[in-house]
Amino acid sequence: MIISGLFTHGPPPLPKSLLYIKGVIILLSIAIFALAVYTISFENESMFYSAGAPAYLVFLAIATWVIYGVPIAIQFLAPHFYYRIVALIASTLSTIFWLVGWAWSTSWTTYVESYGTRSNRGSWTTFTNLMGACAGIGIFTWTLVVFELGYLCFCCMRYPGPGQARNTEFGRVQKHDLNQNLPNNSLQEGYTTQSTYGGQAQRVQP
């Protein structure tokens, strides 16, 4: 069954582009981490800023490093410890976490912006701008996270066999692996027949 590929042991063949997408997700999470930490510095100025969203974004960034960094390391260093279902569950949780992150940031950006226009306090405007930046980066990151999850699920179902990942390199089957499955390497060496007329051996190529 195709769905059995989701529970197979070992990483599926993945294109390099998916690895680059994971790298971009990690880089964006670093930007979110920096913005969230800087936003937390405003919380001491007023109880209004104790919204909880910046602290959640810090947690989200750290969780993203674990969710995507650990599978990448296992895939290259110890592929026999790679469990597809665990990677899929982690990616699914990541989509939920990022959805909550950018939605929460957007909500506070809208609320604080309307409140800050009446107060004319510069720190509140800065807080609004920082949360708006986190919301914008969060939406883009969430889009990449959803795409990564869908493509990972597709690769797992397309290559259900546990040996697929070992005999392929980023989704492309190596030629020497195909030749090993042929008896006596007949496609490489050809075969010899005895001529019925001259009695001489002839080399016949396919």
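Would you tally the residues in segment 45-98 being modelled with pLDDT of 90 or more, of a type in the set (Ser, Thr, Tyr) and touching a Phe, Trp or Tyr at 6+ places or on another chain (Cβ under 6 Å)?
Going through segment 45-98 one residue at a time, the tally reaches 0.
Could you go through segment 91-110 and let me know if any residue there is over 29 Å from PRO54 (Cβ atoms) and within 14 Å of the chain's Cα centre (by Cα). Quick ask: steps written out before the conclusion?
Of the residues in segment 91-110, the ones over 29 Å from PRO54 (Cβ atoms) are none.
The answer is no, given that none of the residues of segment 91-110 is over 29 Å from PRO54 (Cβ atoms) and within 14 Å of the chain's Cα centre (by Cα).
The values are calculated or read from the model by the stated rules, or taken from the named source; none is laboratory data. Values in this document were obtained by computation on a predicted structure and should not be read as measured data. Positions of Cβ are backbone-derived with ideal geometry, glycine not excepted, and every protein chain shown enters the neighbour counts.
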